[in-house]
Amino acid sequence: FSPSVCLIFCMNCFLATGKGVGKVRIKTPATLVDVYNTHLHANYDPFPTKDITEGHRITQHYEMGKYISQHVPVIALGDFNTVDTEISLQVFKELSCLSDSYRDMYPDAATHPGYTNDTPECSWRHTSRSAKLCSNNNIKRIDYIFYSKEFLKCASSENCCGAIQGQDFSYSDHIGVKSVFEVVKAVPSVTMTTLTPDTLAETMTIINASLRTTYRDIRDKIRILFVLLLVWLACFTVAVFEVVLSPYMVVILSNAIMAAITTLSLYLLFFCRSEVSKFKEFFSQLNRTLMKDT
């Protein structure tokens, strides 16, 4: 996916990993079925009112929705790190034309919420860090199995693989989802899909906001870089003229600051420039779609 690196420097090493989607084509007695599996960016900002990766996540939903080709029946599943009311998931569903298997079986979210994350069965939520998060009603459904409703019929869907029987821990920090499908049509028709005007407009607003956040983050880090350079020059001057009693400590400090300067410079030069370029490219693509529709 692009962009796939979070702009919050050293916020969380998980955010620096690349994200993508895997695909396998399965030959069944009835037809071929394409199965896609993914794990998208989560919001790891400590302030629940912020979402530092919303722009990344909506871009990833868009790219995955565009990537999925329904020349054969499709099943797309994984940890989408998105609740079903978010615009990101709406973007994916509109582009892929796939349906949520669990919600198709249980349309009423009040009686069947289908929570998969931070539930009581997850032993992960009982750690000191997670207990604080979960105490704030952080239980949510972010894991899904989507399918081609025109060509597959969902026979059943349920949550599974929670707490291990006889043990005090769970299989994972998420609850699993299990769906059973029947093939109802073997040869799909090829259709071109696009976003609805409202979804497209909201997506462009989010990407534009992410661009502004990225520029602001770059400016902040340039200021930090400038301060580090001043401190390094001061340390270098002190070491050269032996103003203090222990110039060796000053030299060590100077080298540490230079290492930080180098790391921050590389981050700005490669990661930040790449993120800005990817967001601009994505925004231009959305803008061309908007102009074409109008």
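The values are calculated or read from the model by the stated rules, or taken from the named source; none is laboratory data. Computed from a predicted structure; not experimentally measured. As a convention, Cβ positions derive from the backbone with ideal geometry for all residues, glycine included, and neighbour counts pool all protein chains shown. Each accessible area value is taken on the protein alone, full model and side chains, heavy atoms only, with ligands, DNA and RNA left out. Shrake-Rupley method; radii C 1.70, N 1.55, O 1.52, S 1.80 Å.
For region 76-121, a residue qualifies if it is farther than 14 Å from Ile142 by Cβ and part of a loop (DSSP other than H, G, I, E, B), and the qualifying residues are Cys97, Leu98, Tyr106, Pro107, Asp108, Ala110, Thr111, His112, Pro120, Glu121. Filter region 122-143 for residues that are modelled with pLDDT under 90 and part of a loop (DSSP other than H, G, I, E, B) and give the result. Passing the criteria: Cys122, Thr127, Ser135, Asn136, Asn137, Asn138, Ile139.
Among the residues making up region 70-83, those that are open to solvent by 20 Å² or more (accessible area, probe 1.4 Å) and in contact (Cβ under 8 Å) with a residue 60 or more places away in the chain are Gln70, His71, Ile75, Leu77, Asp79, Asn81.
Any chance region 215-229 includes a residue that's modelled with pLDDT under 80, open to solvent by less than 50 Å² (accessible area, probe 1.4 Å) and in a helix (DSSP H, G or I)? Checked region 215-229: no residue is modelled with pLDDT under 80, open to solvent by less than 50 Å² (accessible area, probe 1.4 Å) and in a helix (DSSP H, G or I).
Among Ala155, Ala209, Ala163, Ala186, which is the only one that is open to solvent by less than 50 Å² (accessible area, probe 1.4 Å), at pLDDT below 85 and of a type in the set (A, V, I, L, M)? Lay out the reasoning, then the answer.
Values: Ala155 fails: at pLDDT below 85; Ala209 fails: at pLDDT below 85; Ala163 fails: open to solvent by less than 50 Å² (accessible area, probe 1.4 Å).
Result of the check over Ala155, Ala209, Ala163, Ala186: Ala186.
So in region 11-60, with the set limited to residues that are modelled with pLDDT under 60 and touching a Phe, Trp or Tyr at 6+ places or on another chain (Cβ under 9 Å), which one is surrounded by the fewest Cβ atoms within 10 Å (Cβ to Cβ)?
Checking each candidate, the answer is Phe14.
When region 106-125 is filtered for residues that are open to solvent by 60 Å² or more (accessible area, probe 1.4 Å), free of Cβ contacts under 8 Å to residues at least 60 places away in the same chain and touching a strand residue (DSSP E or B) at 6+ places or on another chain (Cβ under 8 Å), the ones remaining, listed by number, are Tyr106, Glu121, Trp124. Within region 268-286, residues that are more than 18 Å from Arg223 (Cα to Cα) reach partners that are in a helix (DSSP H, G or I) and open to solvent by 40 Å² or more (accessible area, probe 1.4 Å) with beta carbons closer than 7 Å, at six or more positions or on different chains, in the pairs Phe283/Asn208.
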